[in-house]
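Notes to accompany the following structure.
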Amino acid sequence: MADYFGVPLSPPAPLANKRGSVATWLPSVGSAGVKWSPLGRSDMNVADAATTAGIAACGALLLVLAAPFLLIADPGTGLTVYYASGTLGVSGVAFLAVLLVVVFLSGRQQRRDPSIIAGVALVAAVALLALAVTWAVAVDVQNLFSFPASASWITWHRWVVVAVAVLVPASAGAYARAVL
């Protein structure tokens with residue numbers, strides 16, 4: 001059955017994704033008539049959850065990276081040397097974390113093709129993890145002991161950065177699996 005514009009008034013056949021879950025159809029009325037779009041796909045729920053987790057992981061990573069600046073107030077500490085360790089230092093990790101927030105938001109708001117967003121998110125997230133590990137391994141241990149005794153937690157801070165950074169590619173991988 002069709003209206004005057006040739007747009008079907010009844011929903012199409014059930015849509016099954018590659019994992020076998022079936023979507024229901026939601027009608028929306030616009031200037032072109034009735035448009036049917038899938039609703040209730042479990043993959044889209046996973047994609048939304050993955051983008052939310054990715055944004056939260058990037059925010060948590062940025063907070064963990066900023067913790068020494070906020071918590072160590074003593075002048076003359078080796079914070080500059082600590083953050084500059086490695087090839088790019090920790091600035092590359094922070095840059096990719098901010099970039100990935102934008103990428104995850106783009107995927108969540110469906111501004112671009114989900115497969116492209118998934119690819120960009122996955123590659124950038126793996127690069128973020130690689131930079132975090134490279135930085136953590138390159139930190140000079142002698143510099144860690146130059147901090148005041150009240151900041152003894154700095155000796156394991158770099159490994160917390162790596163642990164939180166692992167959450168970002170995990171979220172990107174979940175998003176890619178849901179949309180591809």
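Coordinate-derived values only; no laboratory data. Please read these numbers as outputs of a predicted model, since none were measured by experiment. All Cβ positions, even for glycine, are placed from backbone atoms using ideal geometry, and neighbour counts span all protein chains on display.
Using just the Cα positions, wrap region 45-103 in a convex hull and report its mean projected area in square nanometres, one decimal place.
Values: hull surface 18.5 nm².
Here the figure is 4.6 nm², rounded to one decimal.
For the modelled label position 7 Å from the Cα of residue 138 along Cα-to-Cβ, which residues of region 76-108 have backbone nitrogen atoms closer than 15 Å?
Only 80-96 pass the distance filter.
Would you please name the chymotrypsin sites (Phe, Trp or Tyr not before Pro) within region 101-166 that are DSSP coil residues with at most 14 other C-beta atoms within 10 Å of their C-beta? Working shown, then result.
Values: sites: 104, 135, 145, 153, 156, 159; in loops: 145, 153.
Here the sparse-neighbourhood loop sites are 145, 153.
Using just the alpha carbons, could you tell me how many Å³ per residue the convex hull of region 42-179 encloses? Don't jump to the answer; show the numbers that get you there.
Numbers: hull volume 12.5 nm³, N = 138.
Spelled out: Cα convex hull of region 42-179, divided by residues, is 91 Å³.
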